[in-house]
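Here is the structure we will look at.
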Amino acid sequence: MIYPDGQAFLTAPHKRVMLFGMSGLGKTRLSNLLRDAGDWFHYSVDYRIGTRYMGEYISDNFKREAMKVPLLRELLLSDSVYIASNITFDNLAPLSTYLGKPGDAARGGLPFAEYQRRQAQHAQAEVAAMLDTTRFIDRAHDLYGYNHFVCDTSGSICEVVDAENPADPVMTEVSAHLLPVWIKGSEAHRDELCRRFDRAPKPMYYRPDFLMQVWGEYLAQSGLTSEAADPDAFLRFGYARLLESRQPRYDAMARWGVTVTAEEVAAANSPAAFDQLIARALDRRAARA
């Protein structure tokens, strides 16, 4: 623990936190709030994944599709057009589109083997992006003069670390330099996330063993083959199961840091309120020790 109690955090000349939890509970809102105040560097893991580690995969996929159109093929081969991803902190659609969903190609699905390949690429990229955090802490301070640093993690971080292992390379590295902060949602939050996802399902990352389990359950229940599966129906089928499976993994990660509730996060509307939120969480942890 780099901050033993709330007072240590409040008076620290360098505040460094790592926010984690399911997408939709406030990680990026808080990160934007801190960044916009001018004193905090916002390191988005998803942005790093989509630019540094998967940017070439994403742009090559765009080009692959463009090559199917005769006019675009001619322009690409003559270097007359440039195709690239316009990924931003607030628009990660190019990354999720590349990650894709398995099933019927006529409904936007990928062959399952290709889907697995892209899932593996994402896992490798996420670990690399997390391990880049320490370098970006130094970079933010040395290049730009930021004293405070917030790491806005991907919702799937719990899938690529083993927080039960005290020697996990990602957890040991980041916890040595940042305070891990779990934004914990309630059952009501989970239900709302499921309703939101049902309206607009989006690609997700699954750890390999869990993916095979859920994929097998979906095919058995639907009676469909892998090639005929409805991609969006699979995403909806797996989402609630994914949320449930991630809770104990987030809980294990929280033992490396502190926990705050999504309600507390929603009430934090300024950097000062955020500081007090983290200080209270640290004091709660210290009182239990």
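The values are calculated or read from the model by the stated rules, or taken from the named source; none is laboratory data. Note that the structure is a prediction, hence the values are computed from the model and not measured. Every residue, glycine as well, gets a Cβ built from its backbone with ideal geometry; the counts of neighbours run over all protein chains shown. These accessible areas exclude ligands, DNA and RNA; they are computed on the full protein's heavy atoms, side chains included. Shrake-Rupley method; radii C 1.70, N 1.55, O 1.52, S 1.80 Å.
Going through the DSSP H helices of the chain, which span 15 Å or more along their own axis at the Cα atoms while scoring at least 0.5 as a mean Kyte-Doolittle hydropathy? Walk me through the numbers on the way to the answer.
Numbers: long enough: 55-66 (17 Å, -1.32); 112-131 (29 Å, -0.55); 133-144 (16 Å, -0.75); 187-199 (18 Å, -1.87); 208-222 (21 Å, -0.05); 231-254 (32 Å, -0.54); 271-288 (26 Å, -0.24).
Both cut-offs are met by no helix.
Using the beta-carbon distance between Glu164 and Ala228 and R0 = 35 Å, what value does 1/(1 + (r/R0)^6) give for FRET efficiency, to the nearest 0.05?
Efficiency computed from Cβ-Cβ geometry: 0.35.
Could you tell me which of Val174, Phe112, Val265 has its Cα farthest along the dipole of the chain towards the positive end, charges placed at Cβ (Lys, Arg +1; Asp, Glu -1), taken about the Cα centre?
The listed residue farthest towards the positive side: Val265.
Residue farthest toward the positive end of the dipole of segment 154-289, with Cβ of Lys/Arg at +1 and Asp/Glu at -1: which of Tyr250, Phe237, Leu219?
Tyr250
Label-point separation (nm) for Arg199 and Phe89, each offset 7 Å from Cα along Cα-to-Cβ?
Going by the 7 Å Cα→Cβ label model, 2.5 nm.
What number comes out for the charge environment of Asp152, summing +1 per Lys or Arg and -1 per Asp or Glu over other residues with Cβ under 11 Å away?
Value of the local net charge: +3.
Assuming R0 = 45 Å, what is the FRET efficiency of Ser59 and Ala266, from their Cβ-Cβ distance, to the nearest 0.05? Before the final figure, lay out the partial values.
Numbers: r = 37 Å, r/R0 = 0.81.
The calculated FRET efficiency here is 0.80.
Can you give the calculated 222 nm mean residue ellipticity of the chain, where each DSSP H run of n ≥ 4 adds -39,500 (n - 2.57) and the sum is split over every residue, rounded to the nearest 500 deg cm²/dmol?
That calculation yields -17500 deg cm²/dmol at 222 nm.
Taking a 1.4 Å probe, which of Ile87, Ile2 shows the most accessible area, and what order do the others take after it?
Per-residue accessible area, sorted high to low, gives Ile2, Ile87.
Classify segment 48-179 as rounded, prolate or oblate, taking a ≥ b ≥ c as the square roots of the eigenvalues of its Cα gyration tensor: rounded when a/c is under 1.5, otherwise prolate if a/b is larger than b/c and oblate if not.
Oblate, since a/c reaches 1.5 and b/c is not below a/b.
What is the distance, in nm, between label points placed 7 Å from the Cα along the Cα-to-Cβ direction at His14 and at Arg117?
Each label point is offset 7 Å from its Cα along the Cβ direction, giving 4.2 nm.
Per residue Cα convex hull volume for segment 155-228, in cubic angstrom?
147
Using a simple charge model, +1 on the beta-carbon of Lys and Arg, -1 on the beta-carbon of Asp and Glu, nothing else, what dipole does segment 11-164 show about its Cα centre, in debye to the nearest 20?
200
Within a Cβ distance under 12 Å of Ala106, other residues only, what is the Lys/Arg minus Asp/Glu net charge?
Net of charged neighbours comes to -2.
Nearest 5 percent is fine: what portion of the DSSP beta bridges confined to the chain is antiparallel?
Percentage antiparallel, nearest 5: 5.
Using a Gaussian network for the chain with springs between C-alpha atoms less than 10 Å apart, which of these wobbles most: Ala229, Ala240, Ala167?
Ala167
Per the Kirkwood treatment, what hydrodynamic radius in Å, one decimal, follows for the chain from the mean inverse distance over all distinct Cα pairs?
20.4
Find out how many positive minus negative residues lie around Phe62, taking Lys and Arg as positive, Asp and Glu as negative, among other residues whose Cβ is under 12 Å from that of Phe62.
0
Which order do the peptides 67-80, 212-225, 50-63 come out in when sorted by mean C-beta neighbours inside 10 angstrom, highest first?
Working: 67-80: 11.0, 212-225: 13.9, 50-63: 17.4.
With the highest mean Cβ count within 10 Å placed first, the list reads 50-63, 212-225, 67-80.
For the residue pair Leu71 and Asp36, what label-to-label distance in nm results when each label sits 7 Å from Cα along the Cα-to-beta-carbon direction?
4.0
Rolling a 1.4 angstrom probe over the protein chains, ignoring ligands and nucleic acids, what is the accessible area of Ser186 in square angstrom, nearest 10?
Solvent-accessible area, nearest 10 Å²: 40 Å².
For segment 152-289, what is one quarter of the convex hull surface built on the Cα atoms, given in nm²?
10.1
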